[in-house]
Amino acid sequence: MSAVYARRSVVNIVALTLSGLATLIGLIFLVWILWVTAQNGLGAIKLSLFTKITAYADQGGLSNAIVGSLIMDLMALLICAPIGVLAGTYLAEYASSTRLGATIRFLNDILLSAPSIVLGLFVYVIVVIPTTELTDGRISFSGFAGSVALALIGLPVIVRTTDEMLQLVPGTLREAALSLGIPQWKLTMQVLMRAAFSGILTGVLLALARLAGETAPLLFTAFGNNFMTAHPLDKMASMPVTIYQYTNDPNPTLHAIAWAGALLITLFVLALSLLTRIMFSRKKVSYE
Amino acid sequence: MLTSLKLPSRLGTLAFAVAASLFGMTAQATDITGAGSSFVYPVISKWSAAYAEKTGNHINYQSIGSGGGIAQIKAGTVDFGASDMPLKAEDLAKFGLGQFPDVIGGIVPAFNVSGVAAGSLVLDGPTLADIYLGKITMWNDPAIVKLNPSVHLPSSKIFVVHRSDGSGTTFNFTDYLSKVSTDWKSKVGEGTAVQWPTGIGGKGNEGVSAYIKQIPNSLGYVEYAYAVQNKLGYAKMKNAAGTVVEPTIASFQAAANTADWKNAKDFNLLMTNAPGADAWPITATSWVIMYKTPKNAANTKVAFDFFKYAYEQGQDAARALDYVPLPASLVQQIEAYWSSEYKQ
Amino acid sequence: MSATSAEPIPRDTEHRSRTDARHDLFFRFLLRFCAMLVLAALLGAALSTLWGGREVLFKDGFRFLFSSDWNPVENQFGALAPIVGTLVTSLIALLLAVPVSFGIALFLTEIAPRWMRGPVSAAIELLAAIPSIIYGMWGLFVFVPFMASIEPTLSDTLGNIPVIGALFQGPPLGLGLLTAGIVLAVMILPFISSVMREVFQTVPARLKESSYALGSTTWEVVWDIVLPYTRSAVIGGIFLGLGRALGETMAVTFVLGNSYNLTASLLMPGTSISSSIANEFNEAVGMHRSALIALGFLLFVVTFIVLLIARFMLRQLQRKEGR
């Protein structure tokens, strides 16, 4: 008996130690990559990063790329978050055991791995080419097209997580609400969504994290712009595309700016993720 | 219960407002856009910045690759394309396009062999081709020793590095190898990407130069500007005239001067293996491609003005970035081409 | 209850239930529409690659699948090397990332003190926010030299094991399939671990407490209670990571070595579907461009088959458990 007990407690300790080690490994890689990024980019982090534009690359500015990325990332989220959450809800609440639901779930997983450059080309065909022809070339590549491409990248992540998180909400909660005579849509929007809120939020943040760093789908949709613009129908600069171009430039100063840009993207997502978590964790407490 | 609905509905209103502003307003399309070759991206960006300060016109050039540049000018999404590969006469005629060179640059073999100083290694075309064919595998191969009698070469394997991404640099490099080695021409050929018989592929100039720096006894090729600014060990080359030349702005210029532009229709000419005594053998240019009858005449007019500005006043900027401005005779020929071929 | 107040209630409820039914119908329609958009996006993207790659796909057919000959000059295209590279690197990534992610989720939900959980999980999630080109640059400038320094040890030890030894032989270049797999593993860590952590938290405390009350250790609670309860979602999270690994481009491209020559060793350079596209697409014209788009279509097909196999294996597993 005591041998069994000893074995169990040894297994427990080994497993828990290994899990701590796993977390340490994850953190080591994060710190390692951030350290290298900071080391290379810190020299370029100056005020000029936010005030100068990329047309005058030597002045070390990324302001137009920062503005472009902010606009396109937010527009992309506005497109893919509602659609993704609703589609995920459909899968979890209305089609959890239907053939259609299984098919969509399966195809969504495939969409997750679609090479981003292919999604960019798809948007090029369905958005850029039509607008070019309709406007006689006045509107071709645009920030709008870029955000559609980014939305396609975030969409499957949100669908997948929303679906999973809603399925984990205990059935008793649904039954309790329905027995009070609440219509299904209210049940979904006000009970289930709230119960699964933190999980769905994780999905949206993961989607944002993923689309904020994408380069390939933007080349043929948002194109890029060396000058400042905030108009969604203009060709628009973005951080990842600028970083991509700067890393291949012979000029070492531009490499430093590229690293600094990467650091900015990472910090931006970190800040956003912490902010939303603080905001909503407070809210959660007040409801309980 | 209602409070929780506020957030989605507020988001909805916001989305609607964004959509309304998208379709209600029209974009200001006064900017000139160009796309294509990444080889010329640094110098066109530099010219564009100076041009914007002088005239207020914005030239927005993005390096999406030569293939992309050609596709975009054909689709009419940009005002000009830039390609590292010249289009053939029939392609130009089919789409009503014209092309002309914009700037010159060099490609240099770079290596990392301990004990062999930068610039002290000499190679020639056939040897370089045999190394990239995998026929010469050791640094102390007789063919290399013969070219470098005074250099101590180790008896170790050569790690060959090439570009993995399609590039104009690879196009010119393989074109040169095809010109100097019949074996290369028949087995591999020339292109922006080829089937490499040996070696590892690095992405972009930075990928290749990082591999060269990290792997002992490696040999690769990069753009001259990249080799200079990142202090890579480069090799000298024996050119078509049999002279050993250093990669310098002067030797690139010599290649451009001795290339036979006069007889090249639509400037369809690669400057590799140029005949001049001082010519660097792997010299490259890139072409601007524009419609002869422009869709947007006002934009095209500004684009011509921009390139005129670049030829006449952008020379120092080009040299500062280790590119070579076009020789005056070539610029004259281009301007004649503009007035004869383009409706302005 | 007086009769006067009882009368209006039925009418009100009837009216309410009618509008509720209408709202429900509309809501259902809206959700279904959004789900269809996902369907349309995937089909649209897949069909557009099929169309873009038709020249090569229909000309070469099966030869495109099984040939390892990739020659843009001669317009000969065979996708075997990219397919193998994609599968091998993704497999390595999953083998490494799944246990580590599980460990992280376990640590964050059961072991770590409460104050530590928020910051650490945000930090791990941050790994997903680093642009993939930075993974590539870090891989190229820092991780490849690091791997080059440990690879001799690797081939001296693992390389001597009879069967799998061949996987670990070759010159210590630092780049190659193994390095790419490790970088991919780091990239997909946050996706898998975030979902695992999130779903582990949804396990009703009742279940866990009952198990603890019976004398289970933490590990037993996680392995026997938490994991079975959340299994479907955990697998979902793994698919999330797998999807990312299969389609990742930039990071892989910088550390893979990009060679179309097939080798048995994980230390040798290889190529992958998405890195081939990313590498060559920008400069490609004509047939070459078509072949690269056909590769994109192939990735859809490969993903389809991988997911199908995964599902089949899951079903077998469920059957064994008597479900």
message: Given contacts defined as C-alpha pairs under 8 Å and at least six residues apart, what's the relative contact order of chain A, whole-number percent?
response: 27
message: Between residue C:68 and residue B:244, how high is the FRET efficiency from 1/(1 + (r/R0)^6) when r is the Cβ-Cβ distance and R₀ = 56 Å? Nearest 0.05.
response: 0.90
For the stretch C:1-135, convex hull of alpha carbons as volume per residue, Å³: 260
field: At q = 0.10, 0.12, 0.13, 0.18 Å⁻¹, base-10 log of I(q)/I(0) for the stretch B:151-273 (Debye sum, equal scatterers on each alpha carbon)
entry: -0.35, -0.51, -0.60, -1.17
Relative contact order (%) - criterion: Cα under 8 Å, at least six apart; region: chain B: 24
message: If you take each beta carbon of peptide C:298-310 and count the beta carbons of other chains within 10 angstrom, what is the mean?
response: 3
field: Cα pair distances exceeding 25 angstrom across chain B, given as percent
entry: 55
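Cβ neighbours within 10 Å, averaged per peptide: list C:60-73, C:201-214 in order, most packed at the top.
Top to bottom by mean Cβ count within 10 Å: C:60-73, C:201-214.
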- prompt: Taking the alpha-carbon set of the protein assembly as shown, what are its Rg and Dmax in Å?
  reply: 29.8, 117
- line: Counting Lys and Arg as +1 and Asp and Glu as -1 over every other residue whose Cβ sits under 14 Å from the Cβ of residue C:218, the net charge comes to -2
message: From the mean inverse distance of alpha carbon pairs (Kirkwood) and the Cα radius of gyration, derive Rg over Rh for the stretch B:87-148.
response: 1.26
- prompt: Under the definition of Cα pairs under 8 Å and six or more residues apart, what whole-number percent is the relative contact order of the stretch C:57-317?
  reply: 28
query: Long-range amide H contacts for residue B:156: which residues qualify at under 5 Å (H placed 1.01 Å from N, peptide plane, sequence gap of 5 or more or a different chain)?
result: B:139, B:140
field: Packing-based order for B:231-237, A:109-115, using average beta carbon neighbours within 10 Å, highest first
entry: A:109-115, B:231-237
Of B:170, B:285, B:77, the one that fluctuates the most in a GNM where chain B has Cα springs shorter than 10 Å: B:77
By average C-beta atoms within 10 angstrom, highest first, the peptides A:40-51, C:237-248: C:237-248, A:40-51
Within chain B, helix-based [θ] at 222 nm, where runs of 4 or more DSSP H residues each add -39,500 (n - 2.57), nearest 500: -13500 deg cm²/dmol
statement: Computed over chain B: longest principal axis from alpha-carbon atoms vs helix B:66-75 long axis, angle to nearest 10 degrees, is 30
Nearest-ten-degree value, helix C:177-200 long axis tilted from longest Cα axis of chain C: 10
field: Estimated 222 nm signal from helices in chain A, with DSSP H stretches of n ≥ 4 weighted -39500 (n - 2.57), rounded to 500
entry: -23000 deg cm²/dmol
task: Find, among the trypsin sites (Lys or Arg not before Pro) in the stretch B:56-99, those assigned to loop by DSSP (not H, G, I, E, B) with at most 15 other beta-carbon atoms within 10 angstrom.
output: B:88
- request: Work out from phi, with θ = phi - 60° and the Karplus expression 6.51 cos²θ - 1.76 cosθ + 1.60, the ³J(HN,Hα) of each residue of the stretch B:295-303, listed in order in whole Hz, and give x for Gly and Pro.
  value: 6, 10, 4, 5, 4, 5, 4, 5, 4
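A 18 angstrom limit on the alpha carbon distance is what I want to check against. Which of B:94/B:185; A:46/B:231; B:179/B:238 exceed it? All intermediate terms of the calculation are to be shown ahead of the outcome.
Values: B:94/B:185 29 Å; A:46/B:231 26 Å; B:179/B:238 14 Å.
In this structure, B:94/B:185; A:46/B:231 lie more than 18 Å apart at Cα.
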- line: Those helices of chain A passing the 20 Å axial Cα length cut-off and the mean Kyte-Doolittle cut-off of -0.5 (DSSP H runs only) are A:2-41, A:63-89, A:99-113, A:143-167, A:197-212, A:252-287
message: Tell me the net charge near residue B:68. Cut-off is 15 Å between Cβ atoms, residue B:68 excluded, with +1 for each Lys or Arg and -1 for each Asp or Glu.
response: -2
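Given the Cα atoms of the stretch C:114-207, and with Rh set as the inverse mean 1/r over their pairs in the Kirkwood sense, what is Rg to Rh to two decimals?
Here Rg/Rh amounts to 1.14.
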- line: With Cα coordinates, the longest principal axis of chain B makes an angle with the long axis of helix B:204-214, in degrees rounded to 10, of 40
message: Tell me whether the stretch A:1-151 comes out rounded, prolate or oblate; compute the Cα gyration tensor, take square roots of the eigenvalues as a ≥ b ≥ c, and use a/c under 1.5 as the rounded threshold.
response: oblate
- prompt: In units of 2.2 N^0.38 Å, what is the alpha-carbon radius of gyration of chain A?
  reply: 1.21
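Work through the residues other than residue B:308 whose Cβ is under 11 Å from its Cβ and net out their charges, Lys, Arg +1 and Asp, Glu -1.
Local charge sum for residue B:308: -2.
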field: Relative compactness, the stretch C:57-317, computed as alpha-carbon Rg over 2.2 N^0.38 Å
entry: 1.14
message: Show me, bin by bin at 10 Å from 0, the whole-percent P(r) of the stretch B:66-109 based on Cα pairs.
response: 24, 54, 16, 5
P(r), alpha carbons of the stretch B:274-319 - 5 Å bins starting at zero, rounded %: 5, 15, 17, 17, 17, 13, 9, 5, 2
- line: Surpassing 28 Å at the alpha-carbon level, of the pairs B:135/B:265; A:186/C:208; B:187/B:292; B:88/B:301, are B:135/B:265; A:186/C:208; B:187/B:292
message: Averaged across A:206-219, how many Cβ atoms of other chains sit within 10 Å of each residue's Cβ atom?
response: 5
field: Within 10 Å of each Cβ in A:67-79, the average number of Cβ atoms from other chains
entry: 1
message: How large is the Rg to Rh ratio of the stretch A:1-44 when both quantities use alpha carbon positions and Rh follows Kirkwood?
response: 1.46
task: Specify whether the C-alpha gyration tensor of the stretch A:188-265 places it in the rounded, prolate or oblate class, a ≥ b ≥ c being the square roots of the eigenvalues: rounded for a/c under 1.5, otherwise prolate if a/b is larger than b/c and oblate if not.
output: prolate
task: Find the centroid of the Cα atoms in the stretch C:29-45 and in the stretch B:129-148, then give the distance between the two in whole Å.
output: 59
- line: Counting sequence-distant residues (5 or more places) and residues on other chains, those with an amide H built under 5 Å from that of residue B:100 are B:288
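A short reminder: the numbers here are calculations on the coordinates, not readings from a lab. Since the structure is predicted, the reported quantities are computational estimates derived from the model, not experimental observations. Positions of Cβ are backbone-derived with ideal geometry, glycine not excepted, and every protein chain shown enters the neighbour counts.
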